[in-house]
1. Give the span of the stretch 75-158's Cα atoms along each principal axis, as three whole-Å numbers ordered largest to smallest.
2. Give me Thr136, Thr85, Thr92, Thr65 ranked fewest to most by other Cβ atoms within 10 Å of their Cβ, as a rough exposure proxy.
3. Taking a ≥ b ≥ c as the square roots of the eigenvalues of the Cα gyration tensor of the stretch 54-99, is the shape rounded (a/c under 1.5), prolate (a/b larger than b/c) or oblate?
4. Taking neighbour counts of Cβ atoms within 10 Å as a proxy for exposure, in what order, fewest first, do Phe175, Phe88 appear?
5. Tell me which trypsin sites (Lys or Arg not before Pro) from the stretch 61-102 have a DSSP coil assignment and no more than 16 other beta carbons within 10 Å of their own.
Amino acid sequence: MSFLAVRIASFWGFVILGLRPEDDAHADLPTFTLVLRQAQDEGENQDGGENMHRASCLCGQISITVAGPLREVIYCHCTQCRRQTDHFVAATAAQDSDMSIDGAEHITWYAASPGARRGFCATCGSNLFWKAAGSTSTSIWAGAFDKPTGLAASRHIFVADKGDYYTIDDGLPQFAQGG
């Protein structure tokens, strides 16, 4: 008989895992729970490394771990991002091979255009992802990450589509379309 590890919770620096039987024939057996490890310091990544990043939706049904570098933040002012978020988007990105997602069954994907899709939590509605068709990386909304993120913005894109109710005056490069 084999067991599946099921993430139960993550709080106060602890990751709680449960073990349950893999097959339904043994579903009557109890689920075991264990504390995986404690973070050494609040604000420090659990493995102590600079390339371990954690993010989640508002309700906590979806949690994302990135075990690798994050791209700099890009501000997107395109019409689709504005309509999805009611403002512009601040997004970083990670290689898919560096990402693990707990609660992926709670992600709803919407194809806003033929070349890309957007992912959000089906429970709380948090916007989380933008994924180009055929890409090996996924953009992740920067605001979903736990602090400290170590992130910095690099540029504004699609500023020709930006809302007329705000100005961009942070000194970062601005591109009328992508950039």
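1. The Cα atoms of the stretch 75-158 stretch 32, 31, 27 Å along the principal axes, largest first.
2. Final ranking by Cβ density, sparse to dense: Thr136, Thr85, Thr65, Thr92.
3. oblate
4. Least to most surrounded, the residues fall as Phe175, Phe88.
5. Loop-located and lightly packed - Arg71.
FYI, it's all coordinate maths here, none of it is from the lab. Being a predicted model, the structure only gives us computed values, none of them experimental. With ideal geometry, Cβ positions are generated from the backbone for all residues, glycine too; neighbour counts draw on all protein chains shown.
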